[in-house]
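Presented below is the structure to which this report refers.
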Amino acid sequence: MRFLGYKSILIFIFSTILLVSLTNVVVFKVLKVIADDNVLYFKLPVRNITLIYKHSYLLTEVREVYEVRNDQVCVKEVVWPIGGAGAPASVKDLEYLNGIVEVRGGNYVVTNAKYCLGGGFTLDTEFMIDWKLIIDGYEVRSSKEVELDIVEVSWVQYLLARLGVYMSLLYK
């Protein structure tokens, strides 16, 4: 049996260095979502981030729509039912969202909101009932809070995370 020659060893070392250096190359920005122990990556631009939950003892449905703008997660639209504990008391309570606030069909409706939450934020789901977070058609579930953040990732990180999502879908 013959030992590997020095050329084979040099090729192996060069290939290993190349592969390691490529894993650190930032290829694109993503929306990173941490839910329980799962890490999900959604390549930007994300088309739709929607949070739906029931609020207060009246169990009224609230809908919040977000978008990614200039590497920040921003509120785009909010629909809050009028009345109930903790609900906005008037149109003025929603003006901080810097959008068009109207009363429509028993709801406060905010459109064209320009309120940004920054590059990332934590969604505290403790007081939300039957909540759903849907990102580009994928429903994110968690038993506790959900973290959303805009980050840069290498192609290897993205590929491994996407593979994990596909594998989890296969075994549901």
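The values are calculated or read from the model by the stated rules, or taken from the named source; none is laboratory data. From a predicted model like this one, the values you see are computed outputs, not experimental measurements. Positions of Cβ are generated from backbone atoms using ideal geometry, with glycine treated the same way; all protein chains shown enter the neighbour counts.
Of the residues screened, residue 67 is not one that is touching a Phe, Trp or Tyr at 6+ places or on another chain (Cβ under 9 Å) and part of a strand (DSSP E or B). For residue 102, the criteria (1) at pLDDT below 90; (2) over 30 Å from residue 162 (Cβ atoms); (3) surrounded by 11 or more Cβ atoms within 10 Å (Cβ to Cβ) hold in every case but one, which is (1).
Pairs are defined by a Cβ separation below 8 Å, a sequence spacing of at least 6 or placement on different chains, a first member in region 125-153 that is more than 18 Å from residue 56 (Cα to Cα), and a second member that is loosely packed, with under 12 Cβ neighbours inside 10 Å and of a type in the set (Val, Ile, Thr); the pairs so defined are 152/26; 153/26. Annotation: of all residues in region 81-99 being touching an Asp or Glu at 6+ places or on another chain (Cβ under 9 Å) and closer than 21 Å to residue 132 by Cα, the one that is modelled with the lowest pLDDT is 87. Listed conditions (1) in contact (Cβ under 8 Å) with a residue 12 or more places away in the chain; (2) farther than 26 Å from residue 36 by Cα; (3) exposed (fewer than 12 other Cβ atoms within 10 Å of the Cβ) are all met by residue 90, apart from (1). Of all residues in region 51-70, exactly one satisfies the criterion of being at positive phi and either touching a His at 6+ places or on another chain (Cβ under 8 Å) or surrounded by 15 or more Cβ atoms within 10 Å (Cβ to Cβ) (or both), namely 56. Among the residues of region 120-140, those identified as at pLDDT below 90 and exposed (fewer than 12 other Cβ atoms within 10 Å of the Cβ) are 124, 126, 127.
What about residue 33, is it at pLDDT 90 or above and either touching a Pro at 6+ places or on another chain (Cβ under 6 Å) or surrounded by 11 or more Cβ atoms within 10 Å (Cβ to Cβ) (or both)? Before you say what the answer is, go through the steps one by one.
Details: at pLDDT 90 or above: yes; either touching a Pro at 6+ places or on another chain (Cβ under 6 Å) or surrounded by 11 or more Cβ atoms within 10 Å (Cβ to Cβ) (or both): yes.
So residue 33 passes the test.
The residue list 120, 86, 105 contains one member that is within 17 Å of residue 45 (Cα to Cα) and small (Gly, Ala, Ser), which is 120.
Report whether or not residue 57 is of a type in the set (Phe, Trp, Tyr) and within 26 Å of the chain's Cα centre (by Cα). Spelling it out, it is not the case that residue 57 is of a type in the set (Phe, Trp, Tyr) and within 26 Å of the chain's Cα centre (by Cα).
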